[in-house]
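**Q** The structure under discussion is supplied below as C-alpha cells; questions concerning it will follow.
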Amino acid sequence: MAFSMLQLFLLGAFGPRLVDALGVSPTVLGLTTTIGFGTAALLSPVGGRLVDRTGPRRSLVLLLLVSAAALALIGAAPGPGFLLAAVALGGLPQALANPATNKAILAAVPPARRGPVTGLKQSGVQLGAFAAGLPLAALAGGIGWRGAVWTAAAAAALTALWAYRSLPADPRAESAPPRAPLVPRGAIAWLAVFSLFLGCGIASVNTYVALFGSQELGMGPTAAAALVAVLGVAGIAGRVGWSKAATPGRAEWLPGALAAGAVAAACLLAAALYVRPLVWVAAVAVGVFAVSGNAVSMVLVMQRAAPGRAGQDSALVAAGFFAGFAVGPPLFGRLAEAGRYGPGWLLVAAEFAAAAAVATAWAVRERRRGPRTEAAA
C-alpha cells in the first residue's frame with residue numbers, strides 16, 4: 001500500500017523543489033495528481049476483475065514492479081510533460097492496491113480480526129507519506145530530489161522480489177468469478193460517493209500543504225515536507241485505531257463522524273494563515289480524521305462485499321476515491337496559483353462537509369434497513 005501511492009506524497013513533499021527545478025506551476029502540480037488518479041479511477045473496475053481472476057500475489061508483484069518503473073521515470077523527468085506521463089503510469093498500481101490487499105485479507109484473516117488488519121494495511125499508505133516527508137526529503141537535501149525518487153524506485157523493485165518469493169502462491173481459478181456491474185450499487189454506491197468527496201479534500205491537502213508551508217508560512221523545503229510526514233504518522237495511528245473500532249453496527253456511523261472532524265481540520269489550515277503553529281495541529285487532524293475515513297470505508301466494503309466480488313467491489317469504491325483525487329487538486333491549484341490559500345482550505349472544508357452529509361445519510365438509511373452479515377471472499 002505504501003508504494004502504490006508513494007508518488008503522490010513525493011510530488012507533494014517535493015513540490016517546492018519541483019517548482020524550482022522543472023518550472024512546475026502550482027496548477028501543473030495539481031495536474032500530476034489529476035493524471036495519476038484519473039488513470040487509477042478509470043482502471044480500478046478492470047483492476048478489481050483482474051485481481052479476482054489472477055489472485056493477490058500476482059497482482060501485488062505487478063503493482064510493485066509498475067510502481068518502481070513509474071518512480072524511476074519521475075526521477076528522470078526533464079520537464080512537466082514527461083513528469084505527467086510518468087505519473088499516469090503510476091495509476092495502475094493504485095488501481096490494483098485495494099482490491100489485491102482486501103482480497104488477501106478476506107482469504108487469510110478471520111472475520112473478527114479483519115477490521116484491525118485492514119487498518120494496519122491501510123496505514124501503509126500513510127507510511128508512504130511519512131517516508132516521503134521525512135527520510136526521503138532529508139535524503140533529497142543531500143543527493144537531490146531525483147536521487148531520492150530513484151531510491152524509492154529501487155526499494156519498490158526489491159519489495160516486488162520479496163513478495164514473489166515470500167507470499168503464498170495464488171490458487172488456480174477453477175472458474176471465472178461473477179462479473180459485477182461497472183456502476184456501483186447499494187452500499188457500494190454510497191461508499192463510492194463518500195470516497196469521491198473525501199478524496200477531493202485529502203488530495204488537495206497532500207498535494208499543497210508543503211507548498212503552502214513554503215510559500216505562505218515561510219518554512220524551508222525540508223520543514224515544509226515534514227508536514228507531510230506528520231500527516232502520515234497521524235494517519236497511521238488513526239487508520240489502525242478507527243478500523244479496529246469499525247465493528248458491525250458501529251462502522252456505519254464512523255465515516256460521517258470522521259468527515260466532520262476533517263472539516264475542523266481544514267478550517268485549522270485556513271486559520272494557520274494567522275496563527276502559523278496551527279498548521280502542525282491541522283496536519284495531525286487531517287491524518288486522524290480525513291485519512292482514517294478511507295480505511296473505515298474499506299472495512300465496510302469487506303463487510304458488505306458480495307461473495308466472490310471483494311476485489312471488484314473494493315475497486316469500485318476505490319474508483320470513487322481516486323476520482324476525488326483527480327478532481328480536487330486542480331480546483332485548489334487555481335486558488336493556490338493566485339495566492340488564495342485561505343479560500344482553498346475553505347473549499348476543502350466544504351468537500352469534507354459533503355462527504356459527511358453523504359455518509360450520515362447512508363448510515364441513517366442502513367439503520368432503518370437493519371443489520372447485515374459480513375461477506376466472504
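**Q** Looking only at the range 56-71, which residues have a backbone nitrogen under 20 Å from a spot 7 Å from the Cα of residue 85 in the C-beta direction?
**A** 66-71
**Q** Something else: Using Cα-only point scatterers and the Debye equation, what is log10 of I(q)/I(0) for the range 1-139 at each q in 0.22 Å⁻¹, rounded to two decimals?
**A** Each listed q maps to, in turn, -1.32.
**Q** Can you give me the span-like helices of the chain, meaning DSSP H runs with 24 Å or more of Cα extent along the axis and Kyte-Doolittle mean at or above 1.6?
**A** Membrane-span-like by this rule: 56-76, 254-271.
**Q** Defining a contact as two alpha carbons under 8 Å apart and six or more residues distant in sequence, what relative contact order in percent does the chain show?
**A** 29 percent
**Q** Then there's this: Dividing the convex hull volume of the alpha carbon atoms of the range 212-301 by its residue count, what do you get in Å³ per residue?
**A** Looking at the range 212-301, the number lands at 75 Å³ per residue.
**Q** With a 10 Å Cβ neighbour count serving as the proxy for reagent exposure, in which order, fewest first, do 345, 150 appear? Don't jump to the answer; show the numbers that get you there.
**A** Numbers: 345 28, 150 18.
With the fewest neighbours first, 345, 150 line up as 150, 345.
**Q** Principal axis lengths of the range 251-374 from Cα atoms, whole Å, largest first?
**A** Sorted from largest, the Cα extents of the range 251-374 read 50, 24, 21 Å.
**Q** So, one more: In whole Å, largest first, what are the principal axis extents of the Cα atoms in the range 79-180?
**A** Taking the Cα atoms of the range 79-180, the three principal extents are 49, 30, 27 Å.
**Q** If you don't mind, there's one more thing I want to ask. Expressed in nm to one decimal, what extension gain is obtained for the pair residue 350 and residue 162 from 0.36 nm per residue of sequence separation less their Cα-Cα distance?
**A** Full-extension gain reported as 63.4 nm.
**Q** Provide the gained length on full extension for the span residue 169 to residue 189, in nm with one decimal, where the gain is 0.36 nm per separating residue minus the Cα-Cα distance. Don't jump to the answer; show the numbers that get you there.
**A** On the way: separation 20, 0.36 × 20 = 7.20 nm, distance 3.23 nm.
My answer for the length gained is 4.0 nm.
**Q** Can you give the net charge of the other residues whose Cβ lies under 12 Å from the Cβ of residue 332, counting K and R as +1 and D and E as -1? Before the final figure, lay out the partial values.
**A** Numbers: positive: 334, 340; negative: 337, 351.
Surrounding charge for residue 332 is 0.
**Q** With r as the distance between the Cβ atoms of residue 222 and residue 274 and R0 = 22 Å, compute the FRET efficiency 1/(1 + (r/R0)^6) and round to 0.05. Walk me through the numbers before you get to the answer.
**A** Values: r = 24 Å, r/R0 = 1.10.
Once the sixth-power term is evaluated, E becomes 0.35.
**Q** May I pose another question? Can you tell me the mean projection area, over all orientations, of the convex hull of the range 54-132's alpha carbons? Units nm², please.
**A** With the hull built on Cα positions only, its mean projection is 5.7 nm².
**Q** Where Rh denotes the Kirkwood radius from the mean inverse Cα pair distance, what is Rg over Rh for the range 8-47?
**A** Rounded to two decimals, Rg/Rh equals 1.10.
**Q** Express the Stokes-Einstein translational diffusion coefficient of the chain in µm² s⁻¹, to the nearest whole number, given a Kirkwood radius over alpha-carbon pairs, 25 °C and a viscosity of 0.890 mPa s.
**A** It diffuses with D of about 122 µm²/s by this estimate.
**Q** Separation between the residue 108 and residue 20 pseudo-spin-labels, each 7 Å from Cα along Cα→Cβ, expressed in nm?
**A** 4.3 nm
**Q** Which value, in Å to one decimal place, does the Kirkwood hydrodynamic radius take for the range 24-99 when every pair of different Cα atoms is included?
**A** 12.7 Å
Quick note: the coordinates plus some simple rules give every number you see, no bench work behind them. Please read these numbers as outputs of a predicted model, since none were measured by experiment. Methodologically, a virtual Cβ is constructed for each residue, glycine included, from the backbone with ideal geometry; neighbour enumeration extends over all protein chains shown.
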